[in-house]
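Worksheet: the structure to be examined is printed underneath.
The values are calculated or read from the model by the stated rules, or taken from the named source; none is laboratory data. Keep in mind that what you see is a predicted model, and the values were worked out from it rather than measured. Reconstructed Cβ throughout: ideal geometry from the backbone, glycine too, with neighbour counts over all protein chains shown. To get the accessible areas, we keep the full protein, side chains included, count just its heavy atoms, and leave off ligands, DNA and RNA. Shrake-Rupley method; radii C 1.70, N 1.55, O 1.52, S 1.80 Å.
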Amino acid sequence: MDRADRRRRLRTAAVAVIAAVRHPLEVPDAFAAVQEATRRHRRAHRCGAYAYGEGSLPATVAAARRPK
């Protein structure tokens, strides 16, 4: 992949992220159950497990980029 291709791909991803933030789609969070289980685990064990945010932005970007 040459430099121009990398720029095009980055620009496409950036546009998708901006669009997702400005006009979010109603996309269910596929990892909500995992995050809730992680929170319960942390409360029970007081450990450092972390669920890495709520995940709706990546799901929205993936839905926006999915071919129709």
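Within the range 53-68, does at least one residue satisfy the condition of being modelled with pLDDT under 85 and touching a Ser or Thr at 6+ places or on another chain (Cβ under 9 Å)?
Going residue by residue through the range 53-68, those that are modelled with pLDDT under 85 are 53-68.
In the following step, the residues that additionally are touching a Ser or Thr at 6+ places or on another chain (Cβ under 9 Å) were identified as 65.
Yes, because at least one residue in the range 53-68 is modelled with pLDDT under 85 and touching a Ser or Thr at 6+ places or on another chain (Cβ under 9 Å).
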Item to complete: Please name all residue pairs, on different chains or six or more residues apart, with Cβ atoms under 9 Å, provided the first residue is in the range 1-15 and is assigned to a helix (DSSP H, G or I) and the second residue is open to solvent by 80 Å² or more (accessible area, probe 1.4 Å) and not hydroxyl-bearing (Ser, Thr, Tyr).
Response: Arg9/Met1; Thr12/Arg65; Ala13/Arg65
